[in-house]
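Peer 1: First, the structure itself, so that you have it in front of you.
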Amino acid sequence: MARPTREARIDLGALRANVRALRAIVAPAQTMIVVKADAYGHGAIEVAAAAIDEGAEWLGVVDISEALALRAAGISAPILTWLHGDDADFQAAVDAGIDLGISTFTQLDRAAQVDGHAMIQIKVDTGLSRNGVEHAQAGELFRRAAEFEREGRLGVRGVWSHLANAGEDEDREQLSRFDAAVAEAESAGLRPELRHLAATAGALSLPESRLDLVRVGIGAYGLSPFDRSGSADLGLRPVMELSAEIVSVKRVPADSGVSYGYTYRTPAETTLALVPLGYADGIPRAASSSAPVSINGKTYRISGRVAMDQFVVDVGDDEVTLGDRAILFGDPATGVPSADDWAEAAGTINYEIVTRIGPRVTRVFVP
Ligand SMILES: *Cc1c(COP(=O)(O)O)cnc(C)c1O
């Protein structure tokens, strides 16, 4: 079968190896693999199934609909979901055995009202200032939750928070606020079996933050959450390789304008290769004239602007033929650019590079 024109190759072997490596580091803490946003663009169902098969105890997603899609695909592992609009369908979540992250009194009351027995994990804001009950009000919310628990209306399985990665001192301050919140939960009569705080960065750099469970996203995809280290430094392998077939090759004279606005002009007679990936596919326009692309083992830079569907690469006098492949990023250990290189070229982070890869790109899963 021909390779898809635009392909994100998802190396499930690398994913499994990353899950194994991360689990070994954080043990005896449990591991939740975060598969929100279609597993950061990698394909939530396939990633979730492989991660669970590798021993991950939990899956994490943002929306209830993401969790229901996993259930519909036959995934029965424990799932936590945590960012809910006012009319989020708590009943559907409880019917499907999905844990609810609870951040407000209103959400707590709604969880107590659904038919069946909701399992909840209460999120405390220890300093990130996103969702979660303000730590000053956590005691009151815990008391109300304990009352619901005594009435048999719900169960409180966890208490959790999220680190801001603002620095080691700030992370430790959040950790101590979190410890105080857990003590309040206990004095309210709750016995949460899961206390969790760390994502990949905390799990790797702040061992005290591992507690009962870590929520790992980016590390499972083989990418580093740190500025100063790459995948290999952490013993991880990038899971996604993004490539496309070259769909046009042409010889042009010196001083030819290339792509919109002619921000690039050919310095001499040269060959231009056209790559059918653009900002509609998640290729950052900010990477125009800067991001690296590997063609036949050699690395070039994008020439001129990234358009909606395509960009151009000036390959000089090198031999490039229709049907050759341009590899945008993958595992740098194989000699191709990394998602980190792309992030740097586009002024962003590797998370955004992989997560934005759009639906026109065919995911090909390598077992
Ligand atoms: C996305 C997310 C994670 C995973 O973060 P990584 O840095 O990708 O490991 C963990 N917890 C919460 C609440 C998240 O939203």
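The values are calculated or read from the model by the stated rules, or taken from the named source; none is laboratory data. The structure presented is a predicted model; accordingly, all values stated were derived computationally and were not measured. Cβ coordinates were reconstructed from backbone atoms using ideal geometry, including for glycine residues, and neighbour counts include every protein chain displayed. Remember, those area values only see protein heavy atoms, side chains included, never the ligands or the DNA or RNA. Shrake-Rupley method; radii C 1.70, N 1.55, O 1.52, S 1.80 Å.
Peer 1: Which of the residues spanning region 31-53 are away from the ligand (no atom under 16 Å from the Cβ) and open to solvent by 20 Å² or more (accessible area, probe 1.4 Å)?
Peer 2: I45, E46, A49, I52, D53
Peer 1: Could you tell me which residue of region 57-76 is nearest to the ligand (Cβ to nearest atom), considering only residues that are open to solvent by less than 10 Å² (accessible area, probe 1.4 Å) and touching a helix residue (DSSP H, G or I) at 6+ places or on another chain (Cβ under 6 Å)? Steps first, please.
Peer 2: Initially, region 57-76 is screened for residues open to solvent by less than 10 Å² (accessible area, probe 1.4 Å), giving 59-61, 67, 70.
Narrowing further to those that are touching a helix residue (DSSP H, G or I) at 6+ places or on another chain (Cβ under 6 Å): 59, 61, 70.
Details: L59: 12, V61: 9, L70: 16 Å.
Going through the qualifying residues, I end up with V61.
Peer 1: With respect to L83, determine if the residue is away from the ligand (no atom under 16 Å from the Cβ), more than 20 Å from G13 (Cβ to Cβ) and open to solvent by 50 Å² or more (accessible area, probe 1.4 Å).
Peer 2: Numbers: away from the ligand (no atom under 16 Å from the Cβ): no; more than 20 Å from G13 (Cβ to Cβ): yes; open to solvent by 50 Å² or more (accessible area, probe 1.4 Å): yes.
Here the answer is no, as L83 does not meet what is asked.
Peer 1: Give all pairs with beta carbons closer than 9 Å in which a residue from region 112-126 that is under 19 Å from R150 (Cβ atoms) meets a residue that is within 12 Å of the ligand (Cβ to nearest atom) and of a type in the set (A, V, I, L, M); count only pairs at least 6 apart in sequence or on separate chains.
Peer 2: Note: pairs meeting the criteria are Q121/L80.
Peer 1: Residues to consider are A138, A164; find the one that is touching a residue at least 12 places away in the same chain (Cβ under 8 Å), surrounded by fewer than 23 Cβ atoms within 10 Å (Cβ to Cβ) and assigned by TED's automatic domain parsing to the domain that holds I102.
Peer 2: Working: A138 fails: surrounded by fewer than 23 Cβ atoms within 10 Å (Cβ to Cβ).
That would be A164, the only listed residue that is touching a residue at least 12 places away in the same chain (Cβ under 8 Å), surrounded by fewer than 23 Cβ atoms within 10 Å (Cβ to Cβ) and assigned by TED's automatic domain parsing to the domain that holds I102.
Peer 1: Moving on to the next point. Scan region 212-229 residue by residue and report those that are of a type outside the set (G, A, S) and closer than 19 Å to A345 by Cα.
Peer 2: L223, P225, F226, D227, R228
Peer 1: Could you please let me know if L242 is more than 16 Å from the ligand (Cβ to nearest atom), closer than 24 Å to S338 by Cα and among the hydrophobic types (A, V, I, L, M, F, W, C)? Reasoning before the result, please.
Peer 2: Working: more than 16 Å from the ligand (Cβ to nearest atom): yes; closer than 24 Å to S338 by Cα: yes; among the hydrophobic types (A, V, I, L, M, F, W, C): yes.
In short, yes.
Peer 1: Tell me yes or no: at least one residue of region 92-114 is open to solvent by 40 Å² or more (accessible area, probe 1.4 Å), among the charged types (D, E, K, R) and in contact with a strand residue (DSSP E or B) (Cβ under 7 Å, 6 or more places away or on another chain).
Peer 2: No: zero hits.
Peer 1: Within region 196-211, can you find the residues that are among the β-branched types (V, I, T) and surrounded by fewer than 24 Cβ atoms within 10 Å (Cβ to Cβ)?
Peer 2: Matches in region 196-211: none.
Peer 1: Write out, first by first residue and then by second, each pair whose Cβ atoms fall under 8 Å of each other, whose residues are 6+ apart or on separate chains, and whose first residue, in region 341-354, is over 12 Å from S231 (Cβ atoms) and hydroxyl-bearing (S, T, Y) while the second is open to solvent by 60 Å² or more (accessible area, probe 1.4 Å) and part of a helix (DSSP H, G or I).
Peer 2: The qualifying pairs are T348/A286.
Peer 1: Here's a follow-up. Could you grab me the full set of residues in region 352-361 that are open to solvent by 40 Å² or more (accessible area, probe 1.4 Å) and over 12 Å from M240 (Cα atoms)? Let's see the steps before the verdict.
Peer 2: Of the residues in region 352-361, the ones open to solvent by 40 Å² or more (accessible area, probe 1.4 Å) are 352, 355-356, 359-360.
Hits for region 352-361 are E352, R356, P359, R360.
Peer 1: Also, quick follow-up: Return the residues of region 258-276 that are aliphatic (A, V, I, L, M) and farther than 11 Å from V313 by Cβ; say none if nothing qualifies. Before the answer, list the steps.
Peer 2: Let us first name the residues in region 258-276 that are aliphatic (A, V, I, L, M), namely 258, 268, 272-275.
Within region 258-276, just A268 meets the criteria.
Peer 1: Shifting gears a bit: Among the numbered criteria (1) more than 16 Å from the ligand (Cβ to nearest atom); (2) of a type in the set (G, A, S); (3) within 30 Å of A21 (Cβ to Cβ), which one does G127 miss?
Peer 2: So the condition that G127 fails would be (1).
Peer 1: Report those strands (runs of 3 or more DSSP E) wholly inside region 233-332 carrying at least 2 residues which are open to solvent by 60 Å² or more (accessible area, probe 1.4 Å) and either over 30 Å from G219 (Cβ atoms) or modelled with pLDDT under 95 (or both).
Peer 2: Counting at least 2 such residues, we get 248-252.
Peer 1: Tell me, which residue of region 115-135 that is part of a loop (DSSP other than H, G, I, E, B) and open to solvent by 20 Å² or more (accessible area, probe 1.4 Å) is nearest to D63 (Cα to Cα)?
Peer 2: Within region 115-135, the first condition is being part of a loop (DSSP other than H, G, I, E, B), and the residues that meet it are 115-117, 126-132.
Still in the running and open to solvent by 20 Å² or more (accessible area, probe 1.4 Å): 115-117, 127-131.
On the way: D115: 20, G116: 20, H117: 20, G127: 22, L128: 20, S129: 19, R130: 16, N131: 14 Å.
If we take residues in region 115-135 being part of a loop (DSSP other than H, G, I, E, B) and open to solvent by 20 Å² or more (accessible area, probe 1.4 Å), then N131 is nearest to D63 (Cα to Cα).
Peer 1: Moving on. Can you find even one residue in region 215-225 that is over 24 Å from F365 (Cα atoms), within 13 Å of the ligand (Cβ to nearest atom), assigned by TED's automatic domain parsing to the domain that holds Q30 and open to solvent by less than 10 Å² (accessible area, probe 1.4 Å)?
Peer 2: No: region 215-225 contains no residue that is over 24 Å from F365 (Cα atoms), within 13 Å of the ligand (Cβ to nearest atom), assigned by TED's automatic domain parsing to the domain that holds Q30 and open to solvent by less than 10 Å² (accessible area, probe 1.4 Å).
Peer 1: Does V19 fit the bill of being more than 19 Å from E352 (Cα to Cα) and modelled with pLDDT of 95 or more? Break it down into steps so the answer makes sense when it comes.
Peer 2: Numbers: more than 19 Å from E352 (Cα to Cα): yes; modelled with pLDDT of 95 or more: yes.
Answer is yes for this residue.
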